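K.L.:
Have a look at the structure that comes next, please.
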Amino acid sequence: MSKFGFAVSAIAVAFLAACASEQPATPAPAPVVVVPQQAPAPVATAPAAPTAVVVAPPVSIKPGYGRVETITALPTTTSGAGTTAASDMRRLGVRMEDGTFQYVDAPAGSIKVGDRVQFTPEGYIRHPV
């Protein structure tokens, strides 16, 4: 291979590496599934004992590679009157390589269902991988 061909190849690789983007991602809760309730049967019960309140620990993004399975647009409230407008933020459902599933909120303009992404330990989503 000539020196010219090697230089052109090196420039092309550097250009493609510069095309990858990192965007901040925040953990998000899983979507809520509504299941209709059936009428409970009457049951005689004893007085209820006091219960403790359990507070869930803050969720963090697990670093690693995964594939986007769902994308949902998130509305943004624009005024106190309750009106909403479209947002560039999306809720991504990502199946990780270890089989776990996590949801994150991120500006996902170019990310599509089926794309492979990487979550960094610093809390960023990298695409393309």
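K.L.:
Across the stretch 118-129, in residue order, what do the Karplus-derived ³J(HN,Hα) couplings come to in whole Hz, using 6.51 cos²θ - 1.76 cosθ + 1.60 with θ = phi - 60° and x for Gly and Pro?
P.N.:
10, 9, 8, x, 7, x, 10, 10, 10, 8, x, 9
K.L.:
Please list the non-local residues whose amide H lies under 5 Å from the amide H of Thr70, H modeled 1.01 Å from N, same-chain partners needing a gap of 5 or more.
P.N.:
Those qualifying (amide H under 5 Å, at least 5 residues apart or on another chain) are Gly93.
K.L.:
So, by mean Cβ neighbours within 10 angstrom, what's the order for 23-31, 119-127, 89-97 with the highest one leading? Intermediate values should be presented prior to the final figure.
P.N.:
Values: 23-31: 14.2, 119-127: 16.1, 89-97: 18.1.
Descending mean neighbour count gives 89-97, 119-127, 23-31.
Where a number appears in this text, it was derived from the coordinates with a stated rule and is not lab data. Just so you know, these numbers come straight off a predicted model, no measurement behind them. Every residue, glycine as well, gets a Cβ built from its backbone with ideal geometry; the counts of neighbours run over all protein chains shown.
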